[in-house]
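First the structure, in the form of structure tokens, and then the observations on it.
The values are calculated or read from the model by the stated rules, or taken from the named source; none is laboratory data. Everything numeric here is computed off the predicted structure, so don't read it as measured data. So basically every Cβ, Gly included, is an ideal-geometry build from the backbone, and we count neighbours across all protein chains shown. Each accessible area value is taken on the protein alone, full model and side chains, heavy atoms only, with ligands, DNA and RNA left out. Shrake-Rupley method; radii C 1.70, N 1.55, O 1.52, S 1.80 Å.
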Amino acid sequence: AHGAAAPTPGPAPKRGPDRWQTLEISFEDAFLGATRSVCVHTPQPCSQCAGSGLEKLSVSRLCEPCRGSGRVREANGLIRCPACEGRGYRNTQACSHCNGSGEEVGERWLQVQIPPGLIDDDELRLAGEGEAHPDEGHPRGDLRLRIRLSPHPLFRREGRNLVLQRPVSALRMLIGGSLRIPHPAGMRTIPLESGVAHALTLRVAGA
């Protein structure tokens, strides 16, 4: 007799929403790679009211919505005041720290490894660092970091090429020789042919 058939796998578990942030990095970090600290702002229970949204008053106060009567008027007549539960007074008020929301924004720092070679609009994905799923038991979404390169005083970018513009005297161009140029990984020396005294483009392959 054949054994029981293996159960068919169910649908993939749903995840919470992804979170998007922009991560600005320098040309040097993009060229060499780096480790950066990224701050993630996440809602958490208010530290002052423990998430209730209310804080206790030292002295009870007259309930403002019902003006102490314990009843408020609606289309169908008078009903019990929901703010004071019909007592006419209140011994709590909306938490002054979170304005009654029961939440505050917390900071969480993540160490992110930046691989060499990233440029504008490239993306890093950090699994499980996104938003929580509304239902417990489902994994969180991902944190997706969209890369932006900071402006550089020397370099600009054309695709994945670095472009550097440097002044060189006409005499030096006529004589030729070696020319030292800045580079994200340190100074480089490139050959300069002699006998040319006008603007020209030198290409350093693989640099």
Carbon/sulfur accessible area of the chain, % of total, 1.4 Å probe, equals 51 percent
With the charge dipole of segment 153-194 built from beta-carbon charges (+1 for Lys and Arg, -1 for Asp and Glu) about the Cα centre, the Cα from PRO191, MET173, VAL163 projecting farthest to the positive end belongs to VAL163
Any residue on another chain or 5+ positions along whose placed amide H is under 5 Å from the amide H of GLY33 is listed here as GLY117
Given a 1.4 Å probe, the accessible area of the chain per residue, as a whole number of Å², is 70 Å²
Reduced to Cα centres, the span from segment 11-54 to segment 172-207 in Å works out to 44 Å
Toy charge model, Lys and Arg Cβ at +1, Asp and Glu Cβ at -1: segment 1-152 dipole around Cα centroid in debye, rounded to 20, equals 1040 debye
Reviewing (i) 141; (ii) 221; (iii) 322, the figure for volume of the Cα convex hull per residue in Å³ actually calculated from this model sits under (iii)
Whole-Hz Karplus couplings 3J(HN,Hα) for segment 147-164, θ = phi - 60° and coefficients 6.51, -1.76, 1.60, Gly and Pro as x, run 7, 10, 8, 5, x, 10, x, 10, 9, 10, 10, 10, x, 9, 8, 9, 10, 10
Scalar couplings 3J(HN,Hα) for segment 75-80 by Karplus 6.51 cos²θ - 1.76 cosθ + 1.60 (θ = phi - 60°), nearest whole Hz, x for Gly and Pro, are 4, 8, x, 7, 10, 5
Here, GluC sites (Glu not before Pro) of segment 67-123 satisfying both criteria (DSSP loop; at most 12 other Cβ within 10 Å) are GLU85
Isolated cysteines for the chain, Cβ-Cβ cutoff 4.7 Å, are CYS39
Neighbours of PRO151 by Cβ distance under 15 Å: Lys/Arg at +1, Asp/Glu at -1, summed charge -2
Asserting the computed 222 nm helical MRE of the chain (DSSP H runs at least 4 long, -39500 (n - 2.57) per run, divided by residue count, to nearest 500) equals -1500 deg cm²/dmol
Simple SL model, points at 7 angstrom along Cα→Cβ for GLN48 and ASN91; separation in nm is 2.1 nm
Residues of segment 40-55 with backbone N under 18 Å of the label point set 7 Å from the Cα of GLU131 along Cα→Cβ are 40-45
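Considering only the other residues whose Cβ falls under 13 Å of the Cβ of LEU202, what net charge follows from Lys and Arg at +1 and Asp and Glu at -1? Write out the running numbers ahead of the final one.
Details: positive: ARG166, ARG180, ARG188, ARG203; negative: GLU193.
Around LEU202, the surrounding residues sum to +3.
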For the chain the mean separation of alpha carbon contacts under 8 Å (6+ apart) over residue count, i.e. relative contact order in percent, is 26 percent
